[in-house]
Structure formats: C-alpha cells, structure tokens
Amino acid sequence: MKKYLLSGLVSVVFIYIMVQSVDLNSAEAESSDKEIAGDMPLRVMWGERNVESNLLEAVQLDSLEHVQTKGEQEGEDFKEQENLQTDETELENDESKKEKSINEEVQEKEVMKETKNVEETDEKEQKQTNEETVISEDTNFFLLKQITEDYNNGLYFSKTIEYQSKFAQNNNRGAIHSDREYVFLEGHSNILITAPHSTIHTREGDPKDADIYTGAMALSIHEYTNAHVLYQTKETKDANYYNDTAFKRELSRIIDNYPITLVIDLHGAARSRPFDVDIGTDGGSLVDQMTINNFKNINQSHGIHSVYENHTFTASGAATVANYSKNELGIQAMQVEYNRDYRDPRNKLQNYYLAVYALAEFVLSQQS
C-alpha cells in the first residue's frame with residue numbers, strides 16, 4: 001500500500017513541475033508577443049491569459065483526479081490481493097484441519113482395531129485355557145473313574161498281584177539275576193514316584209525287610225496318572241541310606257532331563273504304628289505346606305484320617321531320597337510312609353484301593 005501511495009505522490013510532483021514549466025513558457029511567450037504586437041488591446045491579451053489559466057487548471061485538476069483514481073485503484077487491487085491471500089490462507093488452514101481430522105480418525109480406527117485384536121486374543125486365550133482346564137478335569141475324572149471300574153470288576157486286584165510279583169520273587173529279593181538294580185518308567189508328568197524299598201535292601205551289611213507293595217503302588221500310579229516312576233528291582237545297597245548308589249545316580253539323571261517339580265518317595269510302616277500315613281518333610285523344609293495340606297485333605301476325604309507330618313519318619317537324614325532330592329538336586333520332595341493296613345490287598349483290598357486312589361488323585365492335582 002505504501003508503495004502505491006509513494007508512486008502517486010511522485011506523479012503529482014511531476015505534473016506540478018510540468019505545470020510550472022508551462023507557466024514559464026507562457027510568460028515568455030506573452031512577453032514576446034507584447035514586443036511584437038505592441039499595440040494589441042489589453043483585453044484581448046487578458047482574455048487569452050484567462051483561457052490559458054483555465055486550461056492549466058483543467059490539466060491540473062485532471063492530473064490530480066487521475067492520480068487519486070490511480071491510487072484508489074491500486075488500493076483496491078492491494079485489498080483484493082490481500083483478501084485473496086486471506087482466502088488462500090483460510091483454505092490452507094481448512095485443508096490442514098481436514099487432513100489432521102482424517103489422520104486422527106485413521107489413528108483412532110487403528111487404536112480401536114488394535115484394542116479389538118487384543119481383546120479377541122485375550123478372549124481366545126481365556127477360552128483355550130478354559131477348554132484345557134475342562135479337558136484336564138475330564139481326563140482326571142476319567143482316570144480316577146478307571147481305577148474304580150477296575151476295582152469293582154476285580155481287575156484292580158489282579159493287576160496289583162501281578163505288579164507285586166516282580167518284587168516278591170526270590171523271597172522279596174526281587175530279580176536277583178538281573179544286571180539292573182533299578183527301572184525307570186518314563187511318563188508325561190512333572191511328578192516322579194520313587195520306591196527304593198520295593199525289595200529287600202542292605203544297610204551296614206544287614207538285610208532290611210522290603211516295604212511290601214510300595215513297588216506295586218508305584219506301578220499303579222504310573223498306569224493311572226502317567227507319572228514318572230523309579231523303583232528298585234533287586235536286593236542291593238539301601239538307596240535311602242547311601243548316596244553312592246546306582247539308584248541315586250539315575251535319580252539325578254532324571255531330574256536333569258525331565259521337568260520334575262515334585263518327588264514322592266514311597267515307604268511302608270509296621271501295622272503297629274499309630275498312624276495311617278506319615279509324611280516326612282524334615283520339619284517342613286522339603287516341600288511347601290500347601291502341597292502337604294492338599295495331600296492330607298485328599299486322603300481324609302477318602303476316609304484315611306490319621307495322616308500326620310513328621311510323626312515318626314521325618315526324612316531328616318541327608319541320604320534319604322526326599323532329603324537328597326531337595327537339598328542336592330533342588331526339587332521339592334516328600335517321604336510318604338503307609339501303614340501296613342493300607343498295603344495289604346489280599347486281606348484289606350478296600351484300604352489298599354483307597355490309598356492308591358487318594359494318591360492318584362493327589363498326583364493328578366499336582367500335575368502341570
């Protein structure tokens with residue numbers, strides 16, 4: 001705007017100079033005319049002078065109007081250009097806002113889509129977990145139901161006697177001619193059942209009686225729960241008293257190669273003992289209390305009420321299988337002593353059945 005006003009001012013000055021020039025020329029011409037005309041009447045000269053003066057005023061007025069008109073036009077042009085720039089700016093702002101709005105809408109849709117995908121994934125995983133839980137519960141129910149069916153139709157008893165025959169041969173000395181002192185039966189579980197006293201064993205050079213039917217119990221648990229099992233096959237050094245034994249070396253190998261989280265070491269107590277089951281945990285240091293409580297509750301739910309912890313057999317000896325498993329191999333363990341009343345299927349089959357059933361239920365409850 002300032003540029004246009006300055007241009008107009010320059011034009012006015014220029015016209016003014018031209019007008020002055022015209023006046024000067026007119027004066028010179030008038031003087032010359034007087035010298036030539038000498039006697040021309042004064043009124044004629046005055047009339048001509050008025051005509052020239054009027055003409056000059058007209059020129060000046062026209063010039064001023066032209067300058068004013070030009071200034072106004074330039075001002076309007078500038079204003080129009082300024083309005084155009086404003087419109088363009090507003091248009092750009094509108095387009096920017098629109099683009100921003102579109103981007104925000106796209107981002108919002110992406111976030112909503114991602115949230116929906118996460119929710120669907122969580123729902124799918126939860127559904128899968130629920131289905132796995134149902135399958136697990138159904139499987140456990142089927143396995144436990146199978147024990148009951150076998151018990152009712154007599155198959156359970158015949159299987160038990162067959163299992164025990166492996167250990168009862170040679171007056172409970174087991175397969176004395178075998179090259180192997182132990183047998184490991186691989187399962188699909190995080191539980192390992194051990195039976196180191198399934199046959200006669202020696203301690204300080206003296207033979208110790210076998211814990212009758214503990215080997216058969218271990219084999220039944222393997223059949224009905226698919227837990228891993230390690231048992232003694234013949235008379236040899238007591239693996240629950242010595243560490244330097246083939247049984248302990250195999251135990252270490254199993255722990256190294258399988259995802260075992262709990263070792264259940266089976267033993268037998270005399271009929272005269274004042275308990276049904278005694279759990280050895282070395283003062284509670286070998287296994288967590290929740291596991292012990294679960295074991296007690298399951299047994300008591302099946303009528304096995306006298307279930308104690310560290311009553312007589314505490315598994316406090318460093319060479320016991322349970323103590324060794326926890327303190328040397330880093331795996332939780334419990335030593336379970338069954339009274340002879342629960343290890344006599346020929347005379348007290350129901351007790352034996354209840355003991356195995358409760359143990360199988362406990363193992364299934366601990367499997368992961």
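Would region 316-332 turn up any residue that is among the polar types (S, T, N, Q), within 18 Å of Val356 (Cα to Cα) and either touching a residue at least 40 places away in the same chain (Cβ under 8 Å) or in contact with a His (Cβ under 6 Å, 6 or more places away or on another chain) (or both)?
Step one: filter region 316-332 for residues among the polar types (S, T, N, Q), giving 316, 320, 323, 325, 327, 332.
Still in the list and also within 18 Å of Val356 (Cα to Cα): none.
No, there is no match, as no residue in region 316-332 is among the polar types (S, T, N, Q), within 18 Å of Val356 (Cα to Cα) and either touching a residue at least 40 places away in the same chain (Cβ under 8 Å) or in contact with a His (Cβ under 6 Å, 6 or more places away or on another chain) (or both).
Confirm whether Asp209 is surrounded by 15 or more Cβ atoms within 10 Å (Cβ to Cβ), free of Cβ contacts under 8 Å to residues at least 60 places away in the same chain and of a type in the set (D, E, K, R). Spell out how you get there, then give the answer.
Working: surrounded by 15 or more Cβ atoms within 10 Å (Cβ to Cβ): no; free of Cβ contacts under 8 Å to residues at least 60 places away in the same chain: yes; of a type in the set (D, E, K, R): yes.
When the stated conditions are applied, Asp209 does not pass them.
From (1) closer than 20 Å to Leu354 by Cα; (2) free of Cβ contacts under 8 Å to residues at least 12 places away in the same chain, pick out the condition that doesn't hold for Val307. Just one mismatch for Val307, condition (2).
Looking for something part of a loop (DSSP other than H, G, I, E, B), in contact with a Ser or Thr (Cβ under 9 Å, 6 or more places away or on another chain) and crowded, with 18+ Cβ neighbours inside 10 Å - is there at least one such residue anywhere in region 221-231?
Of region 221-231, the ones part of a loop (DSSP other than H, G, I, E, B) are 226-227.
Applying the additional criterion that residues be in contact with a Ser or Thr (Cβ under 9 Å, 6 or more places away or on another chain) yields 226-227.
Next, only the ones that are crowded, with 18+ Cβ neighbours inside 10 Å stay: 226-227.
Looking for residues that are part of a loop (DSSP other than H, G, I, E, B), in contact with a Ser or Thr (Cβ under 9 Å, 6 or more places away or on another chain) and crowded, with 18+ Cβ neighbours inside 10 Å, one finds at least one in region 221-231, hence yes.
Take the residues of region 126-172 that are among the small types (Gly, Ala, Ser) and over 14 Å from Met217 (Cα atoms): which is modelled with the highest pLDDT? Going through the qualifying residues, I end up with Gly154.
The residue of region 166-190 that is nearest to Ala360 (Cα to Cα), among those that are surrounded by 23 or more Cβ atoms within 10 Å (Cβ to Cβ) and of a type outside the set (Phe, Trp, Tyr), is Ser189. Selection of region 257-287 for residues being among the acidic types (Asp, Glu) and either in contact with a Leu (Cβ under 6 Å, 6 or more places away or on another chain) or on the phi > 0 side of the Ramachandran plot (or both) yields only Asp282. Is it true that some residue in region 261-269 is of a type outside the set (Phe, Trp, Tyr), surrounded by fewer than 17 Cβ atoms within 10 Å (Cβ to Cβ), within 20 Å of Leu219 (Cα to Cα) and within 31 Å of the chain's Cα centre (by Cα)? Yes, some residue in region 261-269 is of a type outside the set (Phe, Trp, Tyr), surrounded by fewer than 17 Cβ atoms within 10 Å (Cβ to Cβ), within 20 Å of Leu219 (Cα to Cα) and within 31 Å of the chain's Cα centre (by Cα).
Every condition in (1) surrounded by fewer than 18 Cβ atoms within 10 Å (Cβ to Cβ); (2) within 21 Å of Thr314 (Cα to Cα); (3) touching a strand residue (DSSP E or B) at 6+ places or on another chain (Cβ under 9 Å) holds for Ala239 except the one numbered (1).
Put simply, of Ile264, Ile254, Ile260 the only residue that is of a type in the set (A, V, I, L, M), in the same structural domain as Glu186 (by TED's automatic domain parsing), modelled with pLDDT of 95 or more and part of a helix (DSSP H, G or I) is Ile254. Among the residues of region 333-353, those identified as without any contact (Cβ under 8 Å) to a residue 24 or more places away in the chain and in contact with a Phe, Trp or Tyr (Cβ under 8 Å, 6 or more places away or on another chain) are Lys348, Asn351.
Selection over region 267-286 of residues that are over 20 Å from Tyr241 (Cα atoms) and in contact (Cβ under 8 Å) with a residue 40 or more places away in the chain gives a count of 5.
The values are calculated or read from the model by the stated rules, or taken from the named source; none is laboratory data. Note that this is a predicted model, so its numbers are computed, not measured. Note that we place each Cβ from the backbone using ideal geometry, even for glycine, and neighbour counts take in every protein chain shown.
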